[in-house]
1. What trypsin sites (Lys or Arg not before Pro) in region 148-197 are in a loop by DSSP, with at most 15 other Cβ atoms within 10 Å of the Cβ?
2. What list of ³J(HN,Hα) values in whole Hz, one per residue of region 128-135 in order, does the Karplus curve 6.51 cos²θ - 1.76 cosθ + 1.60 (θ = phi - 60°) give from phi, with Gly and Pro shown as x?
3. Provide the per-residue ³J(HN,Hα) series for region 229-244, in order, calculated from phi with Karplus coefficients 6.51, -1.76, 1.60 and θ = phi - 60°, each as a whole number of Hz, with x at glycine and proline positions.
4. Taking the Cα centre as origin and putting +1 on Lys and Arg beta-carbons and -1 on Asp and Glu beta-carbons, what dipole magnitude results for region 118-252, to the nearest 20 debye?
5. Per residue of region 189-198, what does 6.51 cos²θ - 1.76 cosθ + 1.60 with θ = phi - 60° give for ³J(HN,Hα)? Whole Hz please, x for Gly and Pro, Karplus curve as stated.
6. Going out from 0 in 10 Å bins, what whole percent of all Cα-Cα distances in region 54-267 drops into each bin?
7. State the three equivalent ellipsoid semi-axes of region 56-100, derived from the C-alpha gyration tensor as the square roots of 5 times its eigenvalues, in descending order and whole Å.
Amino acid sequence: MKTSNPVLARLGQAAERERSGYAQPGPYGYGQPGVPQQYPAQAGYPAAPPAVTPMTLDDVIVKTVALLGILGVSAAAAWVLVPDALISAAWIGAAMVGLVLGLIISFSRMANPALVVAYAVVEGAFVGLVSKAYETAFQGIVLQAVVATFGVFFVMTMLYKARVIRATPKFVKGMIAVMAGLFAVMLINFVFAIFGVNTGLRDGSPLAIGFSLVCIVVAALSFVLSFKEVEDGVRMGLPQRYSWTAAFGIVVSLVWLYLELLRLISYFQGDD
């Protein structure tokens, strides 16, 4: 089964190697040709492969809800426990750790539930601290951003289910290129900000508003990639643990969309 998603392709290859790590069945079953299956381990002959439970859509939904729950608890804990004087340093640290974990998970060839859960914990702390800073400046903004985020997610789910938006190979390649470009721009802007250089991308100017709108549109469309990844993973019969990787992709898009909506809404709050 071919897929245009390079990450899913790597996972599919790893899963296929896992399934094919056993000898093909001979006339008596699995093992060397001509050797009865009642002696599978004798003389080093491999035994029959164990049954592998494939991932399902329900698995992905359960894992996604679980990760969002972990992220929410971590965010609430960080909001309450981290002193105001340490918020900036703490959220920068959490952002860097979350970025490293996210890259490891994204480029890993094997599903690692422990890393995915660790990411949810760290990213939850980051989201909680950023949300607290915004809520302190603009009361009620967090609730608005949360409602808007899940509203966009619901709309994208309906559009994908109705096949209004399709994850064609060209769409997938284009989205990957655009997201890589946006990531590079945001990283460069972050480095400039550390040295006190204002690029105008995050200061509430018309340029900043336009950039946030672009990010929001791309973040919303990234759900299409996640939905396609889930669909292809189920169709390819990937092992159940890969549902953690699929859920991770959805959570990453939700967090990105939420943060961009939070920032955009803040631009229109005014000076009270």
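What follows is calculated from the coordinates using simple rules that are stated; it is not laboratory data. Computed from a predicted model, the values in this text were never measured in an experiment. Here Cβ is always computed from backbone atoms with ideal geometry, including for glycine, and neighbour counts include all displayed protein chains.
1. Numbers: sites: 161, 163, 166, 170, 173; in loops: 163, 166.
Passing sites in region 148-197 are 163, 166.
2. Result, rounded to whole Hz: x, 6, 5, 4, 4, 5, 5, 5.
3. 4, 5, 4, 5, x, 5, 5, 7, x, 4, x, 4, 5, 6, 5, 5
4. Numbers: 10 positive and 6 negative charges, 96 e Å.
For region 118-252, the charge dipole is close to 460 debye.
5. Values per residue, Gly and Pro as x: 4, 5, 5, 4, 5, 4, 8, x, 9, 9 Hz.
6. 8, 32, 39, 18, 3, 0
7. Numbers: eigenvalues 155, 35, 3 Å².
Whole-Å semi-axes of the equivalent ellipsoid: 28, 13, 4.
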